[in-house]
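One structure below.
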């Protein structure tokens, strides 16, 4: 391997794989990244054997070749190099020379042939969605996938194809952790082919999100047997799918609401943030009292004090008082960018539905907390 690449591109290339490399694995090679010098680009690969990412970056290649080096260490080196062309040279003993005068490094590597190969993948169906749309549905749902939770059917995002009110097909991503449920949809072209008992891992969704920096770019999603690939430009993410049947969420969506609230999203968000400062019990509990033309949000910390914050609203129905985990509400409110929110309420222990009055593609369900 012998190539020249700008310091900025090298740092960006290595930054794209940091979320995938395994820092604590018993397999030393999984903490490494595979560098491939090809015709006119540097290809950077990382895998944890469940998720594999491959990115290509422009480079001036003098000699094709491979190098396998510690991903985090090389990234730290690249970030701190002078802002100039970087010369990468592979050596026979698997070392990699990184030269950017006056800085000079020689990094110990592993044999490239020890690096795991990409699993065989044969697509049975392929669809295309805009990057900006895919980013939107991930942002509106991924936070509701439990972290480090292996509960069957909940430990990933459920993708499905649905029809909207006009009969057009939409790609819908649905998530739940048992305390809230979220879904969001986007237009797509092509054929949907993901199995009913398959989920997209939480980690994969976070890594896909990092690839979606050009809103109008096309993302190709290909489905294979127990796997899927996401391709955008010169970047590819391949992921194994999680074996798990997502709950039959449609049957539990509440439909009978006696109360309807319309509130300014920013004012509501700011009130939640302030009251959250005193919501320091295990459940981050807040109390919402809906009556007349305002909702009064309160919290109380045994050792600290209490907080109260009214928010104007348009209210239909009888007064009601409900308890919620403030973090759950904030995560929903923070992912919506419309001016207003609609809250639909039933009884004190019935689910609360949150949505935008102008977005039929997104829906959020938050379970209440029993108040003392």
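So the values come out like this:
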read-out	value
Those strands (runs of 3 or more DSSP E) lying entirely in segment 182-275 with at least 1 residues in the same structural domain as residue 345 (by TED's automatic domain parsing) and in contact with a strand residue (DSSP E or B) (Cβ under 9 Å, 6 or more places away or on another chain)	259-264
From the options 37, 62, residue that is at pLDDT 95 or above and more than 18 Å from residue 107 (Cα to Cα)	62
Members of segment 341-350 that are modelled with pLDDT of 95 or more and surrounded by fewer than 19 Cβ atoms within 10 Å (Cβ to Cβ)	342
Scope segment 356-372; condition within 17 Å of residue 257 (Cβ to Cβ) and over 20 Å from the mean Cα position of the chain (by Cα); matching residues	356, 357, 360, 367, 368
Residue in segment 118-129 that is more than 30 Å from residue 183 (Cα to Cα) and surrounded by 12 or more Cβ atoms within 10 Å (Cβ to Cβ) present	yes
Residue list for segment 351-361, restricted to those being in contact (Cβ under 8 Å) with a residue 60 or more places away in the chain and surrounded by fewer than 17 Cβ atoms within 10 Å (Cβ to Cβ)	357, 360
Selected residue [under 25 Å from residue 144 (Cα atoms), in contact (Cβ under 8 Å) with a residue 60 or more places away in the chain and either more than 30 Å from the chain's Cα centre (by Cα) or not assigned by TED's automatic domain parsing to the domain that holds residue 175 (or both)] from 286, 336, 320	336
Residue ID - farthest from the chain's Cα centre (by Cα), chosen from residues in segment 145-168 that are over 18 Å from residue 365 (Cβ atoms) and not in a loop (DSSP other than H, G, I, E, B)	163
Residue within segment 88-110 that is assigned by TED's automatic domain parsing to the domain that holds residue 227, loosely packed, with under 13 Cβ neighbours inside 10 Å and assigned to a strand (DSSP E or B) present	no
Matching entry among 87, 94, 158 (being touching a strand residue (DSSP E or B) at 6+ places or on another chain (Cβ under 6 Å), more than 30 Å from residue 63 (Cβ to Cβ) and in contact (Cβ under 8 Å) with a residue 24 or more places away in the chain)	158
Flag if residue 7 is surrounded by fewer than 20 Cβ atoms within 10 Å (Cβ to Cβ), more than 20 Å from residue 212 (Cα to Cα) and in contact with a helix residue (DSSP H, G or I) (Cβ under 8 Å, 6 or more places away or on another chain)	yes
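Listed here are the residues, each with its yes/no results for (1) over 22 Å from residue 285 (Cα atoms); (2) in the same structural domain as residue 285 (by TED's automatic domain parsing); (3) modelled with pLDDT of 95 or more.
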| residue | (1), (2), (3) |
| --- | --- |
| 137 | yes, no, yes |
| 150 | yes, no, no |
| 156 | yes, no, no |
| 164 | yes, no, no |
| 168 | yes, no, no |
| 172 | yes, no, yes |
| 177 | no, no, no |
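The values are calculated or read from the model by the stated rules, or taken from the named source; none is laboratory data. Since the model is a prediction, treat every value here as computed from it, not as a measurement. Positions of Cβ are backbone-derived with ideal geometry, glycine not excepted, and every protein chain shown enters the neighbour counts.
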